[in-house]
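Worksheet: the structure to be examined is printed underneath.
Derivation of every value follows stated rules applied to the coordinates shown; laboratory data play no part. Just so you know, these numbers come straight off a predicted model, no measurement behind them. Counting neighbours? That spans all protein chains shown, and the Cβs are built from the backbone with ideal geometry, glycine included.
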Amino acid sequence: MPVGHITNRQFRRYMDSRQIGRDQAGDAAVDRSFDHANAGGVMAPVHPGVLGQDDQNVGIVGEEGPTQLLGWRRNGDAEHARILVGIFANIILRFIIHDIYVAYIPGRLMNTTTNAIHSTSGSAAAASPSRIPITIAVGDGIGPEIAAATRLVLAAAAAPLEFHEVTVGERAYLGGVSSGIPDDAWQAIRTTGVLLKGPITTPQGGGYKSVNVTLRKVLGLFANVRPCASHACVPRSRPGIDLVVVRENEEDLYAGIEHRQTPETYQCLKLVTRSGCERIVRYAFAYALANGRRRVTCMTKDNIMKLTDGLFHRVFDQVAAEHPGIVADHQIIDIGAARVATRPEHYDVIVTMNLYGDILSDIAAEVAGSVGMGGSANIGARAAMFEAVHGSAPDLAGKGVANPSGMLQSAVQMLVHLGLPHPAECIHNAWLRTLEDGVLTADLTSSGAVSTSAFAEAVAARLGQLPQTRAPVAYGASLRIALPDIPPLPAEVREQVGIDIFLHHVGQPHDLATSLLGVVGAGFDMTMITNRGVKVWPDGHPETICTDHWRCRFMSTGMVAVPFAQLLALIGRLDAAGFDVIKTEGLFYFAGKPGYSAGQGA
Ligand code: ATP
């Protein structure tokens, strides 16, 4: 069909020739499309009832780009149809025909090849009012390929976005930016508040910090939301999976505070805060409510880490009690992860700590078909970042075989976050249909795999089609979730009653204890020595393997609050006696309760 005005008769023939599914779209879907176009561009009403007149012009159809018909419904005498996007020359046309209206949105120069979509503006501030400015970083490894594929689909769906491209990651590191995030990238991310990011390679050695972790922490992106679902058409996909991992994103072992303390011993600090736990747990319940989910499962290892993981579990129990309509349970992470691998269909929303969530979401994505399928949203109060669950997969880079689904799914989450549920569900449904039609990348099938770009083109070609073997996705109104406001903790009396002094020492526990007892002095009692957390004095076991890293616990006599100067004097005495002090930890009581763990075997 040529570009230009067409008559109603031509229009019907066109739709028939494309075998566009009639009755695919119900009233609500047509109305939503209408509203969406109305919000995004210029609406021009054409005479109602015009479909009854065969020679009447009804609109313009472009065939030189991926014109897509979203659906056509016959309802009694009235006919409703909508054509989503025609891309041709230098105009994006969007048609909604609904008793009859035609909408079009003049756009910028677009090319349907995967990597030639140019923003007309170099600065976020200059964005077109009808488009939402976002920042995009294509990333490293397979990043440029999957980002191009994602942009192709976004363009075909006429998602009203203004892209501002920045470089973060390997090229920035190698250009001398140790954080991997140059100033202009920070500025664009702050201005737009939204980053769509490809995976990043953090170079080994050289002290480079992970761009992902830095962005999540600096921007306060506390919630990492990772949905995961089965696909009957994907050979390795286990049936019945429809779960979401809500991963805490800022704390835990990802604080990145590590030290080598002795020739033998390295340490990584696990930091967990009460407000951090409460924020993510409240978000998980709010997410469950907003998305009609019925169960939230918390996973921790609080049988071992009673203070840190115990806090997460305790906060979960408190927040769960405020949500009687949602089933809440807790599982120890090891058996929980095993069950996600073997019985993933039993899970709905899983809320967990940073490291566990990282591992769990890869397991879930693999069980659902491939780690290449999972998208994620990193949500904060002032910014959000959207990225695939997987990494940069350097083994696949440049081969054109990577699965772009993870990044595409993260783009869908971004559209929902931006309040654009209609292009989000349109892309999501087209993606589901593409998989159903057996269009699969090499990670999903051993025969007949398509390339990254061919997969994206297949999704673009199915915009407007719905999955046939499962219910279509419907995001409805924007699902942006109100972020929890966490009140500060009430003040608590804190008293220091002792100190753990860590020593570098090579020798036997009993000999160490004897020499230490000689220098402790008045005001303190040495209560125990542990090695890698296991009590070796008093009453240690001869089988325990000891390293060069010892924790020696000194409590104030009578467990009374002890002035800091006395603690310093104790450390000074140990140092003067030739002990190699490598670090100390205060032992505090908070409102009369100890804020420290006992030694194992104590
Ligand atoms: P990171 O630590 O950054 O998460 P990683 O070391 O866990 O990265 P990934 O980059 O996620 O590793 O990839 C692991 C493997 O999974 C890759 O080597 C690749 O074979 C496969 N893989 C990852 N992403 C995709 C994808 N999009 N398409 C196909 N295969 C993928």
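List of remarks:
- Compactness check for the range 242-367: Cα Rg over 2.2 N^0.38 Å is 1.08.
- Counting Lys and Arg as +1 and Asp and Glu as -1 over every other residue whose Cβ lies under 14 Å from the Cβ of Q261, the net charge comes to -2.
- Between A522 and E165, the simple spin-label model (points 7 angstrom out along Cα→Cβ) gives 7.5 nm.
- Under 15 Å, Cβ to Cβ, from T557 - net charge with Lys/Arg +1 and Asp/Glu -1: -1
- Reported to the nearest whole Å, the Cα centre-to-centre distance from the range 147-189 to the range 255-282 is 30.
- Evaluated at q = 0.16, 0.17 Å⁻¹: base-10 log I(q)/I(0), Debye formula over Cα of the range 291-431: -1.02, -1.12
- Listed cross-link partners K209/K593; K217/K399; K270/K583 are compared with a 27 Å cut-off, the Cα-Cα value being larger for K209/K593; K217/K399.
- At an R0 of 22 angstrom, the distance between the Cβ atoms of L568 and Y266 translates into a FRET efficiency of 0.25.
- Cα centroid separation, the range 387-466 to the range 505-532 (Å): 61
- Alpha-carbon Rg/Rh ratio, for the range 494-594, with Rh computed the Kirkwood way: 0.96
- Per-selection metrics, the range 185-266 (Cα): Rg and Dmax in Å: 17.8, 53
- Reduced Cα scattering model of the range 304-378, Debye log10 I(q)/I(0), q = 0.13 Å⁻¹: -0.44
- Global geometry of the range 339-419, whether rounded, prolate or oblate, following the gyration tensor of its Cα atoms and the 1.5 cut on a/c: oblate
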